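Presented below is the structure to which this report refers.
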Amino acid sequence: MFELIRTYQLDIMLALCAVCMTIAALLLFTRFLSKRRKWVMINMEVTATLLLAFDRLAYVYSGDVSRTGWVMVRVSNCMVFFLTSAIVFGFNLFLIDLLTADDKKIRESAPDRLKVVAVVSAFGMLLALVSAFTDIYYYFDEYNKYHRGWGFLIAYVIPVVCPLIQYTVVRQYRDRLSKFIKIALTLYIFVPIVVGIIQIFTYGLSIVNMAMVIVSVSLYIFTYLDINDTVVRAHAIELQNLEEEQQGMRRLFDQTANAFVESVERRDSFLEGHSRRVAALAKQIAKEAGKSDEECERVYYAALLNDVGAVSLTDEMIVEAGEPGERGERIRREKPIITSEILSGISEYPYLSQVARSSHERYDGSGYPDGLKSEDIPEMARIVAVADSYDSMKMKMRERDPLPDPIVREEFVKEAGITFDPVYSNIMIRIMDEKAQHSEDTETRKLDGELVCGEYRDNITAGVDISRNTVRISFTSTPAGTDSGLFSAPSIILFDSFDRRVHDNEKSIEAYHYLEYGEFWFNGHCVSTNIDDMKSDFLTSAALADPNRYQITAGRYEDHLRLKLESAEGTFEAIAALPDSTKSSYIALTGEHCRIDGIEIGVDENELSEDDIPRIAKKKNYTDRMESDIPNIQIDRTRSAATQGIEISDGLRIRFFGQSLPSANFVWHCPYVVLFSSDDGQVNGSNYREYATVKLNGEMDGTEELGTNSFTMKKSDAFPGWDKWKESCREGLEFEVRFRKKGSRVVLGSVNMGITVENTLTLGDPGTVVYAALTGDQVALTDIRIM
């Protein structure tokens, strides 16, 4: 390696000189260093360049006995030793500036050692001049060749000792230095020292001077890396400050908007909280649609401020806007225009005004104020329209109570593509279904607090769901307000309704499809209202020792319900045949002049079977029709039964007759097709995996975890409307489902009464065997043919 350096030493020196001068020139134009530090670094780079340049000249003119050679050899060698100490002096200036530029306290302590280095390095420069005339460091023979003098090693004391002193300063204040600067200073100090020791044993090479130039270059590089790091950190801090400022402005805007909305809603108690609920729901719909966080925030505020036009209406006009009639309709049509004009003053967010104006447009173009249609309606307005309609239907109005979830759900199914964008309407349906499932899992068997009853049925709990899992309800009941000797006893109501509540007025009974089966007391008394048949027995022996403790045990299989009431008076047992299997059954607690508390509810894990409840009435069967390739089935409740699986092959067709049950009320009470795989080809069989459920009314439930579904639903001109659809389903329809299969793709298609549904299932494994099974909700499927 040393021989290679010796061979190309002069070229290496020349290249390093060029690099150093280039860096010095670049430093002239830099703007990120202080003026003092910039000139200190330029001085260091120039000094390093001159050191190597004079060292090179010393080699070039060595042995040249001419007058020029005699002068150049002496001047060059003198400058080499002079500039070696000058580099130490320049580095000392760099350290002083580095440590004192930002901290005045260091200025008082650090220079004590650095001043010593300054004096010693200045003395080294003076000694280099003296040596030129005294042969201390070197001398020349008659051939004008350089030889080391008797004091040659003295020249190495300053480049070794002074940097070590400088390092003690660096070490002391290392915590104040950046990572890159610490690396640069360490290299600048120790590389020349190490190379200087090697230099003693490698006569004829100037590796020390080359090393000094290289570390000078590295100092420049690491300084710029430090600058870049500082700029990055400063930029990050600036961005953080900007983000905090934006968050502060966002909070201010949010607080202002909410205060504004609250002031508007206070004028109408029926609207209280409406805008916030709509905003939260609109944001959820946007998130479900895959919108970015920023887009979701925009949707939120567009929905929040969607009705602020009411601020310009009188109290009388606000009331009229919520009522039917020509004047109310005129006010409702004017409000989005007024809101848009108010929000147009917020020029930073023009979308607020646009959404306010267009959120009452209808997807088919029959809305107001501009009659926009389909994609011409701003997307955010289409989202807000769905959220606003949902909350309006679910809130109590002057003329009606909140609508039950099934009614609201059907509205979105029926109005998709007419009033609402079908994409966002379907998302709303999915959100409702998930909410209903969560509610069913967590709320239908939960009662909190206590119940104080005066007159009979003046206070009633929510219903507890009674299904195939046996439910046990226990509670304490004590007399309340019975000083005058009034009768006191708890009782239960067995019923069905959409909202788990007992209703007693005609409007709510109709709205919530309320059906009361009967009332039962713990003394064996009962009133059967809508029970087809019942067998009961009362045992007077005490079932419970505590006279204030009561227990209910109930379970159900299909249309038969078993009930057991236990108390200190005795045990009442009954088997009730309900009108049919399609309806739910709930038990609500009530009583007369009593206080009910300590309510505890337990549910058995095991489901009841047909053998657990003796049948006392014949099951209502609607499958008494022709049976073809596979057995007919009756589905009383959502997917309560399904056909055997039919392996899907290319060109498979399934034809069948479907008829909604007499209890069917909604458009989704129709046949469904389930796409799945399992080891035994049965729904819910061994190793069951479900890919999609296609409802022939044009809905689809699917998961993206097991396969990708692409679903479309179209209504042609032949579609007669949803009321006619439901009527035809009750009368019975001939359905056909077609399949295409190629590789990992399974395509399901069906056309009935102008409704075309198509679902493309793409699986990861093309070898997966996929089955189709027929099921549905409140529908009988007969004459099933596989073709």
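Taking Cα atoms, how many degrees apart are the long axis of helix 179-200 and the longest axis of the chain, rounded to 10 and kept between 0 and 90?
The angle comes out near 30 degrees.
Could you check the simple spin-label distance between Phe140 and Ala641, using points 7 Å along Cα→Cβ, in nm with one decimal?
With each label placed 7 Å out from Cα toward Cβ, I get 11.9 nm.
With Cβ to Cβ distances under 13 Å as the rule, what net charge do the other residues near Ala286 carry (K, R +1; D, E -1)?
Numbers: positive: Lys283, Lys287, Lys291, Arg298, Arg382; negative: Glu288, Asp293, Glu294, Glu295, Glu297, Glu379, Asp421.
Residues near Ala286 contribute -2 overall.
May I have the extent of the alpha carbons of the stretch 246-321 along their three principal axes, as whole Å values ordered from largest to smallest?
41, 28, 16
Within a Cβ distance under 13 Å of Tyr514, other residues only, what is the Lys/Arg minus Asp/Glu net charge?
-3
Can you check how the C-alpha radius of gyration of the stretch 349-499 compares to 2.2 N^0.38 Å, as a plain ratio? Don't skip to the answer; put the middle values down first.
On the way: Rg = 22.6 Å, N = 151, 2.2 N^0.38 = 14.8 Å.
It is 1.53.
P(r) of the stretch 515-669 in 10 Å steps, Cα pairs, percent per bin?
Cα pair-distance distribution for the stretch 515-669, in percent: 8, 30, 30, 17, 10, 5, 1.
Applying 1/(1 + (r/R0)^6) with R0 = 60 Å to the Cβ-Cβ distance of Asp458 and Lys742, what FRET efficiency is obtained, to the nearest 0.05?
E(calc), rounded to 0.05, equals 0.35.
Taking the full set of protein chains and a 1.4 angstrom probe, give the accessible area of Arg330 in square angstrom, rounded to the nearest 10.
Here the residue's solvent-accessible area equals roughly 110 Å².
Using a 10 Å Cβ count of at most 14 others and DSSP loop calls, identify the longest part of the chain lacking such GluC sites (Glu not before Pro). Can you show the working numbers first?
Details: sites that count: Glu142, Glu272, Glu348, Glu399, Glu443, Glu450, Glu455, Glu610, Glu627, Glu704, Glu705.
The longest uninterrupted stretch comes out as 456-609.
Within the P(r) computed for the stretch 657-787, what percentage of the Cα pairs occupies the region above 19 Å?
Values: 4238 of 8515 pairs.
Summing the P(r) of the stretch 657-787 above 19 Å gives 50 percent of all pairs.
Where does the Debye-calculated log10 I(q)/I(0) of the stretch 23-151 sit at q = 0.11, 0.15 Å⁻¹, using only Cα point scatterers of equal weight, no solvent?
With one equal scatterer per Cα and no solvent, log10 I(q)/I(0) is -0.50, -0.79.
Just to make sure I understand: if all protein chains stay in place, what is the order of Ile214, Ile646 by accessible area at 1.4 Å, largest first?
Ile214, Ile646
Can you compute 3J(HN,Hα) from phi for each residue in the stretch 561-574, using the Karplus curve 6.51 cos²θ - 1.76 cosθ + 1.60 with θ = phi - 60°, rounded to whole Hz and x for Gly and Pro?
For the stretch 561-574, the Karplus curve yields 10, 9, 10, 9, 10, 10, 7, 5, 6, x, 10, 10, 10, 8 Hz.
Could you order peptides 471-479, 714-722, 771-779 by the average number of other Cβ atoms within 10 Å of their residues, highest first? Walk me through the numbers on the way to the answer.
On the way: 471-479: 18.4, 714-722: 13.1, 771-779: 24.4.
Final packing ranking: 771-779, 471-479, 714-722.
Against the longest principal axis of the chain, how steep is helix 422-442, in degrees 0 to 90 to the nearest 10, with axes from Cα atoms?
So the helix axis and the longest Cα principal axis differ by about 70 degrees.
Under 5 Å between amide H atoms, partner at least 5 residues away or on a different chain: which partners does Ile531 have, H built in plane at 1.01 Å?
none
Taking the Kirkwood radius as the inverse of the mean 1/r across Cα pairs, report the Rg/Rh of the stretch 660-720.
Values: Rg = 14.4 Å, Rh = 13.6 Å.
Rounded to two decimals, Rg/Rh equals 1.06.
Using Cα-Cα distances under 8 Å and only pairs 6 or more residues apart, what relative contact order does the stretch 290-423 have, in percent? Walk me through the numbers on the way to the answer.
Working: 163 pairs, mean separation 26.6, N = 134.
This gives 20 percent for the stretch 290-423.
Short version: ³J(HN,Hα) in whole Hz for each residue of the stretch 743-754, in order, from phi by Karplus 6.51 cos²θ - 1.76 cosθ + 1.60 (θ = phi - 60°), x for Gly and Pro, what are they?
Working through the residues one at a time gives x, 8, 10, 10, 10, 10, x, 8, 10, 8, 6, x Hz.
Taking 7 Å along the Cα-to-C-beta vector as the label spot, tell me the Glu704-Phe152 distance in nanometres, rounded to one decimal.
For the pair Glu704/Phe152, the computed spacing is 7.8 nm.
For the chain, give the magnitude of the charge dipole about the Cα centre (Cβ charges: +1 Lys/Arg, -1 Asp/Glu; no others), in debye to the nearest 20.
Values: 86 positive and 115 negative charges, 1046 e Å.
Magnitude of the dipole: close to 5020 debye.
How much accessible area does Phe538 have with a 1.4 Å probe, in Å² rounded to the nearest 10?
Ignoring ligands and nucleic acids, Phe538 comes out at about 60 Å².
Relative to the first principal axis of the alpha-carbon coordinates of the chain, what is the inclination of helix 111-134, with its axis defined by its Cα atoms, in degrees from 0 to 90 and to the nearest 10?
That helix lies at roughly 30 degrees to the long axis.
Please compute the volume of the convex hull spanned by the alpha-carbon atoms of the stretch 563-611 and report it per residue in Å³. Provide the component values of the computation, followed by the final result.
On the way: hull volume 7.6 nm³, N = 49.
Dividing the Cα hull volume of the stretch 563-611 by its residues yields 155 Å³.
Which net charge results when you count Lys and Arg as +1 and Asp and Glu as -1 among the other residues whose beta-carbon is under 13 Å from that of His274?
Values: positive: Arg266, Arg267, Arg276, Arg277, Lys394, Lys396; negative: Glu262, Glu265, Asp268, Glu272, Asp307, Asp388, Asp391.
With Lys, Arg at +1 and Asp, Glu at -1, the net is -1.
Evaluate the relative contact order of the chain (contact order divided by residue number), counting alpha-carbon pairs under 8 angstrom at least 6 apart; express in whole percent.
On the way: 1442 pairs, mean separation 59.6, N = 787.
With pairs under 8 Å counted, the relative contact order is 8 percent.
What is the stretch 124-168 by shape, rounded, prolate or oblate, if you read a ≥ b ≥ c off the alpha carbon gyration tensor as root eigenvalues and call it rounded for a/c under 1.5, prolate for a/b larger than b/c, and oblate otherwise?
Values: a/c = 3.77, a/b = 2.52, b/c = 1.50.
Prolate shape, in that a/c is at least 1.5 and a/b is the bigger ratio.
Setting aside same-chain residues fewer than 8 positions from Lys619, which lysines have a Cα under 30 Å from its Cα?
Straight-line reach from Lys619, under 30 Å: Lys535, Lys564, Lys583, Lys695, Lys724, Lys726.
Shape call for the stretch 708-780 from the C-alpha gyration tensor, a ≥ b ≥ c root eigenvalues: rounded (a/c under 1.5), prolate (a/b greater than b/c) or oblate? Show your work: numbers first, answer last.
Working: a/c = 3.10, a/b = 1.93, b/c = 1.60.
Cα axes put the stretch 708-780 in the prolate bin.
Specify whether the C-alpha gyration tensor of the stretch 131-259 places it in the rounded, prolate or oblate class, a ≥ b ≥ c being the square roots of the eigenvalues: rounded for a/c under 1.5, otherwise prolate if a/b is larger than b/c and oblate if not.
On the way: a/c = 5.88, a/b = 4.11, b/c = 1.43.
Prolate, since a/c reaches 1.5 and a/b exceeds b/c.
The values are calculated or read from the model by the stated rules, or taken from the named source; none is laboratory data. The structure displayed is predicted, hence computed values, not measured ones. All Cβ positions, even for glycine, are placed from backbone atoms using ideal geometry, and neighbour counts span all protein chains on display. Note: accessible area is taken over every heavy atom of the protein model, side chains too, but ligands, DNA and RNA are not part of it. Shrake-Rupley method; radii C 1.70, N 1.55, O 1.52, S 1.80 Å.
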